[in-house]
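Notes to accompany the following structure.
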Amino acid sequence: MYQDDIYKLTPNQWEWFAQDVLFHLGYTVQIGPSEGVDDGLDMIVELGGTKYLVSCKHNFKTRKNVGVRAESDIRDRMEQHSCGGFIAFYSTSATTGLKNKLLSLKNKDYELVEIYLDNILDIIPTMRGFILQKHFSRPQELHHQLLQETEYKPLICMKEDCEKDIISQGNIPWSMTGFYHEDNKIHLIYGCKHCVSDYANYPYWAEISQIRYIEQMLNWRSVVDNIKTKNIELSEEFYEHWAYLQEAILQIQIPQGWGRWI
């Protein structure tokens, strides 16, 4: 998950990451992050004619939600810097008490934007690869879900008695998918390389680490479409397995622009 890499960032790195996220969301950065005393602000950004004071909180050690004590005098800080809005950019979430405090500001006609961990995990896959590479490790080393609100679904090796999840972080490099010809029909198979490589006797196969890349997955779909157009009968379970594979790959898809599979 991206969450593990997020918590590897230092508080200062978190502020620079927040700047890139807000810029990606359309905000203009007027005052960016700085070292040392920040005079009550981490950043000032602008959108739609409104200036926002940005507060970046990164509880990377405790992973506890941000509370009221951590956000004292929000209104005074906004007025000090002539801001009409406030952005909470937290790597966790906010306590009920702080959320109520923020709601009271909103009720007093201040613009309020709350960006918590769940929101950030949804935003990351929409960002450009060259931006994300400033903050995170190589994409091949990341394990993440794009659909954060969807419960994770493992993809189990199709070899009987092998119960390994081939899209788990440790198993991705050692997993593959392919086709085999049996009973005059084409079957789709996926699993551990040592479990299914002998079955993949049709001349197309791909590594799971390969089709994690969007461009490569599109190529793989073209291979499937090409097979469907040939005068060869597909097995009854072909489309069921193809649907499971696509659904699983979406959970670990590497965003467009992160580079190419080599």
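Bear in mind that the values in this text are calculations on the coordinates, not laboratory data. Since this is a predicted model, take the numbers as computed values, not measurements. Cβ atoms come from the backbone with ideal geometry, glycine included; neighbour counts cover every protein chain shown.
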Discussion item. Using a 10 Å cut-off around each Cβ, can you sort S91, S197 from fewest to most neighbouring Cβ atoms?
Written reply: S197, S91
Worksheet entry | Local electrostatic count, G84, Cβ distance below 15 Å [Lys/Arg +1, Asp/Glu -1] | 0
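Please go through the residue pairs K159/K193; K51/K106; K8/K61; K164/K185; K57/K108 and name each one whose alpha carbons sit more than 21 Å apart in this structure.
K164/K185; K57/K108
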Worksheet item: Are there cysteines in the chain with no second cysteine's Cβ under 4.7 Å away, and if so, which?
Response: C56, C83
Item to complete: Whole Å is fine, so just give me how far the alpha carbon centre of segment 16-32 lies from that of segment 164-199.
Response: 43
Worksheet entry | Local electrostatic count at N65 - Lys and Arg +1, Asp and Glu -1, tallied over other residues with Cβ under 14 Å | +4
Worksheet item: Once you have the alpha carbon radius of gyration of segment 146-262, what is it after dividing by 2.2 N^0.38 Å, with N set to its residue count?
Response: 1.04
Worksheet, complete the sentence: By the Kirkwood definition, with r running over pairs of different Cα atoms, segment 24-115 has a hydrodynamic radius in Å of 13.5
Worksheet item: For Cα Rg over 2.2 N^0.38 Å, the listed values are (i) 1.07; (ii) 1.29; (iii) 1.17; which was obtained by calculation from the structure presented?
Response: (ii)
